[in-house]
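A.B. asks: Attaching a single structure in structure tokens format; questions to follow.
The values are calculated or read from the model by the stated rules, or taken from the named source; none is laboratory data. Owing to the predicted nature of the structure, the values given are computational and were not obtained by experimental measurement. In this analysis, Cβ positions are derived from the backbone assuming ideal geometry, glycine residues included, and neighbour counts consider all displayed protein chains. The accessibility values were calculated without ligands, DNA or RNA, using every heavy atom of the protein model including side chains. Shrake-Rupley method; radii C 1.70, N 1.55, O 1.52, S 1.80 Å.
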Amino acid sequence: MTALKAHPKVYWIWNHRRWCLENTPNGPGAPGEADADSWRKTNWDRELFVVEKLLDADPRNFHAWNYRRYVLASMPVPRSAKSELAYTCRKIEANISNFSAWHQRSKVLTSLGESSGSVPSQYLEEEFNLLRNAMYTDPSDQSVWIYHRWLMGAGK
């Protein structure tokens, strides 16, 4: 953790954490038992907590966002897309120029579109409202316009 705090944008540190998680032995109990699953969930929840703390310190760190996607995809008990959309919304509201948070949002929405890769229609109005507010806040911010271009193409 000390190396990660000192050098949060070094690939090999993130890759080492990933390797450690993938090679951590099973916890107490046999796989599939409550103890083993509970231990695994606690381990992955702690890793997500670490990533969130690092993103609090540097919300635009794309290494941390990429690692966050890995952790979310690997968690034994997945977080809901709704909670991840709320997380990205908080990050965007804190800093509209946070392209990494906009990008994470696009990844989550695309995953909800099943095989088509498009944004489900029930999310479009909310996304356009978020975009409209961002455009009024800072009309010259490129992150907003890049997301707008993506949403226009994905919303078809």
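A.B. asks: State which residue is most open to solvent (accessible area, probe 1.4 Å) when the search covers only the stretch 101-149 and only residues that are among the acidic types (D, E) and free of Cβ contacts under 8 Å to residues at least 40 places away in the same chain. Explain how you work it out, then say what you get.
C.D. replies: To start, the set of residues in the stretch 101-149 that are among the acidic types (D, E) comprises 114, 125-127, 138, 141.
Subsequent filtering for residues that are free of Cβ contacts under 8 Å to residues at least 40 places away in the same chain retains 114, 125-127.
Numbers: E114: 161, E125: 137, E126: 101, E127: 0 Å².
Of everything passing the filter in the stretch 101-149, E114 is most open to solvent (accessible area, probe 1.4 Å).
A.B. asks: So P25 passes all but one of these: (1) farther than 27 Å from S106 by Cβ; (2) modelled with pLDDT under 90; (3) surrounded by 12 or more Cβ atoms within 10 Å (Cβ to Cβ). Which condition number does it fail?
C.D. replies: All conditions pass for P25, except number (3).
A.B. asks: Hey, another quick one. Looking at the stretch 43-75, which of its residues are within 9 Å of the chain's Cα centre (by Cα), basic (K, R) and either closer than 10 Å to S100 by Cβ or open to solvent by less than 20 Å² (accessible area, probe 1.4 Å) (or both)?
C.D. replies: R68
A.B. asks: What are the residues in the stretch 84-143 that are part of a loop (DSSP other than H, G, I, E, B) and of a type in the set (A, V, I, L, M, F, W, C), if any?
C.D. replies: Of all residues in the stretch 84-143, those part of a loop (DSSP other than H, G, I, E, B) come to 95-98, 113, 117-120, 138-141.
Correct list: I96, V119.
A.B. asks: Further, regarding this structure: Give the residue, chosen from R18, R79, R40, that is in a loop (DSSP other than H, G, I, E, B), open to solvent by 20 Å² or more (accessible area, probe 1.4 Å) and not small (G, A, S).
C.D. replies: Details: R18 fails: in a loop (DSSP other than H, G, I, E, B); R40 fails: in a loop (DSSP other than H, G, I, E, B).
Every option except R79 fails the conditions.
A.B. asks: Continuing with the same structure: For the stretch 60-68, indicate whether the set of residues that are out of contact with any Lys or Arg (no Cβ under 7 Å at 6 or more places or on another chain) and outside any helix (DSSP H, G or I) is non-empty.
C.D. replies: Yes: one or more hits.
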